[in-house]
Amino acid sequence: MTKCESFLPRINKGCKVLILGSMPGVKSLAEQEYYAHPQNRFWRVMGVLCNEPNLAEFSYEKRVKTLLNNGFALWDVIKFCRREGSLDSDIVDEIPNDIKALLQEYKGIRAIFLNGNKAYASFKKHFPELLFKYECFKFPSTSPANARYSLDDLISEWKEGMQGFKN
């Protein structure tokens, strides 16, 4: 099994929402970019939420800057794990990121969006008390492995969750 290590958070003092994935996939780890797999729908979903329909076509740094400018931070629940391939179901020996320390430093974060079941399960396992301290929303994964959700379904679910977040 391959040892995987997540990236540093992409965040600034203006962020109000922390979006947490589980662990970057093989393509993302190779590119050192969040959601780098071309079939992952994350950037298309966020393009709608940020009113930037062409966000997925921007350079990586411009995509991240757009998220930050719209109050969204990015990170992963898991810091280290072992896994073959990219499937969340294959993650073993997970060690979490220090999300509590991040939230202490960035006090503007008021909501946590969990991208997929594994991100939610790992967050709940390692940080159960944060589920009550912050507005937490579990969203269907934008991963291409989550084929039962169309892009339109994902956008609808994420938009609905955004409406539930009291800005």
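Out of the residues in region 1-33 meeting the condition of being hydroxyl-bearing (Ser, Thr, Tyr) and touching a strand residue (DSSP E or B) at 6+ places or on another chain (Cβ under 8 Å), tell me which one is most open to solvent (accessible area, probe 1.4 Å).
Among those residues, the one meeting the criterion is Thr2.
Considering each residue of region 34-89, count those that are charged (D, E, K, R), in a loop (DSSP other than H, G, I, E, B) and either surrounded by fewer than 17 Cβ atoms within 10 Å (Cβ to Cβ) or at pLDDT below 95 (or both), and give that number.
1
Restricting region 1-55 to residues that are in contact (Cβ under 8 Å) with a residue 60 or more places away in the chain and over 16 Å from the mean Cα position of the chain (by Cα), which is farthest from Phe113 (Cα to Cα)?
Taking the candidates together, the pick is Met1.
May I ask you to verify whether Arg110 is open to solvent by 70 Å² or more (accessible area, probe 1.4 Å) and closer than 20 Å to Gly161 by Cβ?
Answer is yes for this residue.
Do we have Ser122 as in contact with a strand residue (DSSP E or B) (Cβ under 7 Å, 6 or more places away or on another chain) and open to solvent by less than 10 Å² (accessible area, probe 1.4 Å) here?
For Ser122, the condition - in contact with a strand residue (DSSP E or B) (Cβ under 7 Å, 6 or more places away or on another chain) and open to solvent by less than 10 Å² (accessible area, probe 1.4 Å) - is met.
The values are calculated or read from the model by the stated rules, or taken from the named source; none is laboratory data. Note that the structure is a prediction, hence the values are computed from the model and not measured. Cβ coordinates were reconstructed from backbone atoms using ideal geometry, including for glycine residues, and neighbour counts include every protein chain displayed. Calculation scope for accessible area: heavy atoms of the full protein, side chains included, ligands and nucleic acids excluded. Shrake-Rupley method; radii C 1.70, N 1.55, O 1.52, S 1.80 Å.
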